[in-house]
Structures are given as structure tokens and as C-alpha cells.
1. Scan region 52-66 and tell me whether some residue there is within 16 Å of ligand 1 (Cβ to nearest atom) and buried (at least 20 other Cβ atoms within 10 Å of the Cβ).
2. Identify the residue in region 180-231 that is charged (D, E, K, R) and buried (at least 24 other Cβ atoms within 10 Å of the Cβ) and, among all such residues, is nearest to residue 18 (Cα to Cα).
3. Looking at residue 126, is it away from ligand 1 (no atom under 16 Å from the Cβ) and either among the hydroxyl-bearing types (Ser, Thr, Tyr) or assigned to a strand (DSSP E or B) (or both)?
4. Out of the residues in region 33-49 meeting the condition of being closer than 18 Å to residue 268 by Cβ and surrounded by fewer than 20 Cβ atoms within 10 Å (Cβ to Cβ), tell me which one is farthest from the chain's Cα centre (by Cα).
5. Here is a list: 166, 177. Which entry is touching a strand residue (DSSP E or B) at 6+ places or on another chain (Cβ under 7 Å), surrounded by fewer than 21 Cβ atoms within 10 Å (Cβ to Cβ) and under 17 Å from residue 141 (Cα atoms)?
6. Just the residues that are surrounded by fewer than 19 Cβ atoms within 10 Å (Cβ to Cβ) and under 25 Å from residue 206 (Cβ atoms), please, taken from region 9-32.
7. Would you confirm whether or not region 135-158 contains a residue that is within 16 Å of ligand 1 (Cβ to nearest atom) and either within 25 Å of the chain's Cα centre (by Cα) or without any contact (Cβ under 8 Å) to a residue 24 or more places away in the chain (or both)?
8. Return yes or no: is residue 111 in contact with a helix residue (DSSP H, G or I) (Cβ under 6 Å, 6 or more places away or on another chain), away from ligand 1 (no atom under 11 Å from the Cβ) and not assigned by TED's automatic domain parsing to the domain that holds residue 47?
Amino acid sequence: MKNEIKTIAITGGKGGTGKSTIAILLSKEFLRRRKRIILCDCDVECPNDYLLLGQRLKKPKKKVYAHFPKLNKRKCRKCGLCVRTCRSNAIFQAPGKYPIFIKDLCSGCGACWAICPHGAIEAEKEEIGQIFVNRIKKDFYLITGQANPGLEETGPVVTKTKKFALDFAKDRNFDYLIIDTAAGTHCPVISAILDCDLAYCVTEPTPMGAHDLNLILDLCKKLKVKSKIILNQANLGDKKNIEKIAKKYRIEIEKAIPYSEKLAQAYSRGKLLEVNLSL
Ligand code: SF4
Ligand code: SF4
């Protein structure tokens, strides 16, 4: 019988709070409990879990493609319907001229080529990223999504990496999919958290940590994803603000992790799996 896979996002509004460290320590904890784990790095603009695990990204297992609009001027009647349809404001049209597609704003949603009554917009396929698979040890794989440099809209790379990881986990009967998200509350983070069973929001006891924790907890609430707090470097600041926020959202501080020299050294050497500290 196949397992029901649990998906857990490791996220946090603020960068540099130790999300990746926590994602790896959590993987290690589940391994200790004899669970089978996939860690999926969805911080696709600068994935770094592989470095923290002493790995290299070699040949991609899969390439990620998206479609972008291309105008066929012979068919276009300059009616402007595509411009009015695009919700990303990615099409510009001066009076009496052909529409111009602004690729940096385009999400590749396909609405313009679906709506054009004259079939004047073609969908052009383009590579936007890659997915890598590393076997770390028995029952523990790392799947890494990486967006091509300069790509503005990285949400589709996150969505496809996450789907690849979920299918990989289901096919091989894994127990947990742990998703390491980017920092912030923008589109790629939403794509990573969406439909997860639980989100651990990693923060630190600083005013900025508290501010950004509010934002990410609010996002989880809107996405209807259950959330818990992990307070990292818990002994280095004033945690009263974090406790207040936890109370406001009626959620737990699941774990408070003090600063650890040993952990900082293992992080800098890419040997986090070897450190003797579990969650
Ligand atoms: S909807 Fe089609 S015909 Fe009309 S402006 Fe756009 S591309 Fe041209
Ligand atoms: S594919 Fe979507 S986002 Fe891109 S130009 Fe067409 S309607 Fe706009």
C-alpha cells in the first residue's frame, strides 16, 4: 500500500533566519525516526541546500519550460483584445500599432493566445530552469529547482519543481516531502507553500524577524495552511515580540533553538548532516 505523503514547508518572511539549516535538521530528525525523506529546495533563484549538504549540481534530471507569446503580424488585426485580457499588463499597444509583448512581465498564462480571434499569437516554448536530483544517503534525496539567470517570473519553476518532487516521492513511497522556500511573501513563496500540510515559519528574536513573521503567518492563514513557529538563535535577542505574535495567531512556538557555534561551523563547512543536534 502506498504512503500518504506529508508535505511540510520551511519558510519565513525574512531572509537569513536559518530556513535551510532547519530544513536539513528536520530531514535528519525524520531519518532518525526511520522515515523516508525528500528535501526539495524551492528557493529557485539561489538554491543552496546542496552546498550545505556538501553536494554538487551535475546534470539536470529535467528541464523546465514555459510558453511565451509571439505575434504573427500577418494575422493580427490590431483589435486590442489581447491587451485588455492580459492581467499582468505584459502587452503594450500604441494607438493603431501592433501589440508588443513585455516578456519580463509575462507569466506565460496563455490567456492572450487563447482569446485572440484571429489566431495571431503563437506560443513559443522556452527553457526557464532545471531540476536536479541528488541521492544524499539511503532514504534521503535532495531535489533542487534552479531558475535560469535573469528570469523575472520564477513561480512556474517552483510549481514544476514541487510537482516533480511530489511525483518522485509518490512513485518511490517516501514518507515526507520537506519544501525549503525562498524568503519573502511573493509569488514563488506562495507557489511553494500552497497545499502543504504544515508550514514551519522560521524567525529570530529581532524587530525585523517579528515584522516579517507577521507577514508570513498572515500569508499562511490566507492560504489555509497550518503554521507553527521555529525560533532560531533564540538566546540572541528579546523573544517577547515573537511570543506576542504567536499568541495573536494562536499558534505554538514549536521549537526555540539557541545559537550554536558547532552548528555555525558545520554550516560553513557544508557538513550540516554530521552535526549532532536534532530538532
Ligand atoms: S487580439 Fe489578436 S488580432 Fe487583436 S491585437 Fe491582439 S494579437 Fe492582434
Ligand atoms: S501569456 Fe498571459 S501574461 Fe503573458 S502576455 Fe499573454 S496574457 Fe499576458
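The values are calculated or read from the model by the stated rules, or taken from the named source; none is laboratory data. All values reported here derive from a predicted model rather than from experimental measurement. Backbone-built Cβ (ideal geometry, glycine too); neighbour counts: all protein chains shown.
1. For region 52-66, residues within 16 Å of ligand 1 (Cβ to nearest atom) and buried (at least 20 other Cβ atoms within 10 Å of the Cβ): absent.
2. Filtering region 180-231 for residues charged (D, E, K, R) gives 180, 195, 197, 204, 212, 218, 221-222, 224, 226, 228.
Okay, now just the ones that are also buried (at least 24 other Cβ atoms within 10 Å of the Cβ), so 180, 204.
Values: 180: 11, 204: 9 Å.
Checking each candidate, the answer is 204.
3. Yes, satisfied.
4. So the residue we want is 48.
5. Working: 177 fails: surrounded by fewer than 21 Cβ atoms within 10 Å (Cβ to Cβ).
Answer to the selection: 166.
6. 15, 16 - these are the residues of region 9-32 that are surrounded by fewer than 19 Cβ atoms within 10 Å (Cβ to Cβ) and under 25 Å from residue 206 (Cβ atoms).
7. Step one: filter region 135-158 for residues within 16 Å of ligand 1 (Cβ to nearest atom), giving none.
No: zero hits.
8. No.
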